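Here the structure is laid out as structure tokens; the discussion comes afterwards.
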Amino acid sequence: MFGALQNVIIRRMSSDRAAIEKLRDLFASGVESVKPKSLFQHCAAREDLQQSLTHDGKRYHVVGFGKAVLGMAVQIEKQLGPRLCSGCISIPIGTSERFGVGDPDFRLSPDSVLEVIECARNNLPDEGAVMAATKIRSIAHAMTENDVLCVLISGGGSALLCLPKKPITLDEKLDIIRALASAGATIAELNYVRIVLSDVKGGQLARAASGAYRLYSYIISDIVGDPIELIASGPTIVNVGCERNVQRNAREVLMKYNLWNRLPASVAGVFNEPGLTEHGTGTGPGGSPFLLGSNTVAIDCIEKRASAQGLRCVVLSKMIEGNVELVGGMYVALAEHIFNLKTDLITEQEFKGRVYALLQGLTYPDLQPEEFMAEVIRSKQESLLIVGAGEPTVQIKGTGLGGRNQELALRFSYGVRTLSNVPERVYFLSAGTDGIDGPTDAAGAIGGACVARERELQQKGVIDGMHYVEQNDSCRFYETLADGKYFVKTGHTGTNVMDVHLLLFESNDN
């Protein structure tokens, strides 16, 4: 009997390893599709984009800021050749070390005219980011009718292009951004506040370049819904009299998170100044913004790869937001209902009723419950991959080490483990496409009943995973498991299109 049980455990562990590697492979394929080289190749047929790089007799200048900007700069440098006269890019600390000399897709030419400034450790602005913003704004100010300014923008750009509006200090701005992030503010909410507190965001870089012949923005989106006026806080998206009132929105954000009555006098003074009150989607001197990529590209790639591997793939939403506690609960409930459907514990009609009740409470704009449920039902006898994408938030309550993706995976693991019918052969991956999850070296983690089970075996049946959740200490939880096998570690990927969630149901014949 002991030998038979041992064989069952070995088979289960082997199945777990295969499923985990499958998830890692699918995630990696999605990340690869949104790296700058892939995106520029994908957009090569766009005539308007190619025209932006072929103004005869004009001098080209390139500035940029964001996690994907080094790779973007390499691609645009190749296309411009000797017409590129100057520039400056602001990228995260460690980017050059990460890619070194081994990856030509992230290596500027040896005699490149582009100055590279690495700054903003842990995605927080610092004096290096202020220096970079000052240099980039100076380049914009120097533009003439003979100059074209190309601006490269990607996620992380808000921290990498930081120039606080006087008399606000960098420390004062940092305190506000940290407080908002710890309270669970979304990127869009953070960026409304950043715009008001900045001398370069919210179209002000485009205004600085008003003397240029043309200004073009090349953008990789890291915000749900791809609002180009908020990506990296919209430094090239200028006021065209649109109805959006940035100061009003920023004020509402500060009130929502109980910071309005605790603002430093310098910040309160800026809110009382006349100035940038409206924000639109036009650009600076005679140009257009080019959205090169978003999580749609990554999800499309994952769908194709999953289908090639014999998986039925169903997209839940590409616009997932909200606190990880709520998002985690949603995935646990979804896993339970789908598992019960696949194992005939509930009928198709019962499944529809339960999933509809679950989904109708969600506010993801692209969610289509009827279509989603129909696709899942068609997969009843097959392996199934549910794909989600977006950017949930974490409300920091503890003092641990982790990130939203590791916490989401951990919440999922203990959520499914406590169900009366524990979903087996169900696995969950949550990871950031930038390769960074909070102040850790992981992109995210794998979740599932197998994760909680392994921890319980180590602790002789003590279920303590939720203690780590309560302390926001998910990274240290995963470090306790053998060989870190449930981590998703890619290193800095050189791109950023938010997070990817993969929920895998393996059929019994796999």
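Quick notes on this structure:
- Residue in segment 502-509 that is in contact (Cβ under 8 Å) with a residue 60 or more places away in the chain, surrounded by fewer than 24 Cβ atoms within 10 Å (Cβ to Cβ) and more than 21 Å from residue 305 (Cβ to Cβ) present: yes
- Residue among 121, 83, 98, 107 that alone is touching a residue at least 40 places away in the same chain (Cβ under 8 Å) and open to solvent by 10 Å² or more (accessible area, probe 1.4 Å): 98
- Here residue 284 does not qualify as touching a helix residue (DSSP H, G or I) at 6+ places or on another chain (Cβ under 6 Å), modelled with pLDDT of 95 or more and buried (at least 22 other Cβ atoms within 10 Å of the Cβ).
- Count of segment 425-453 residues which are in contact with a Leu (Cβ under 6 Å, 6 or more places away or on another chain) and not hydrophobic (A, V, I, L, M, F, W, C): 2
- Residue check for residue 268: open to solvent by 10 Å² or more (accessible area, probe 1.4 Å), part of a helix (DSSP H, G or I) and at pLDDT 70 or above: yes
- Qualifying residue in segment 450-459 (condition: of a type in the set (A, V, I, L, M) and touching a helix residue (DSSP H, G or I) at 6+ places or on another chain (Cβ under 6 Å)): yes
- Within segment 85-128, considering residues that are assigned to a loop (DSSP other than H, G, I, E, B) and polar (S, T, N, Q), the one nearest to residue 148 (Cα to Cα): 112
- Conditions (1) out of contact with any Phe, Trp or Tyr (no Cβ under 8 Å at 6 or more places or on another chain); (2) part of a strand (DSSP E or B): number failed by residue 131: (2)
- Criterion applied to 491, 465, 484 was being modelled with pLDDT under 95 and open to solvent by less than 10 Å² (accessible area, probe 1.4 Å), and the one residue passing it is 465.
- Evaluation of residue 473 against (1) more than 30 Å from residue 103 (Cα to Cα); (2) in contact with a Pro (Cβ under 8 Å, 6 or more places away or on another chain) (one fails), failing number: (2)
- Qualifying residues in segment 434-448 (those that are among the aliphatic types (A, V, I, L, M) and within 17 Å of residue 121 (Cβ to Cβ)) - the one least open to solvent (accessible area, probe 1.4 Å): 442
- Considering residues of segment 137-147 that are within 30 Å of the chain's Cα centre (by Cα) and more than 11 Å from residue 86 (Cβ to Cβ) only, the residue most open to solvent (accessible area, probe 1.4 Å): 137
- When residue 248 is tested against (1) touching a strand residue (DSSP E or B) at 6+ places or on another chain (Cβ under 7 Å); (2) more than 15 Å from residue 154 (Cβ to Cβ); (3) not in a strand (DSSP E or B), exactly one condition is not met: (1).
- Count of residues meeting criterion [open to solvent by less than 10 Å² (accessible area, probe 1.4 Å) and not in a helix (DSSP H, G or I)] in segment 413-433: 9
The values are calculated or read from the model by the stated rules, or taken from the named source; none is laboratory data. These numbers were taken from a predicted model, which means no experiment stands behind them. So basically every Cβ, Gly included, is an ideal-geometry build from the backbone, and we count neighbours across all protein chains shown. Please note that ligands, DNA and RNA were not included when accessible areas were found on the heavy atoms of the full protein model with its side chains. Shrake-Rupley method; radii C 1.70, N 1.55, O 1.52, S 1.80 Å.
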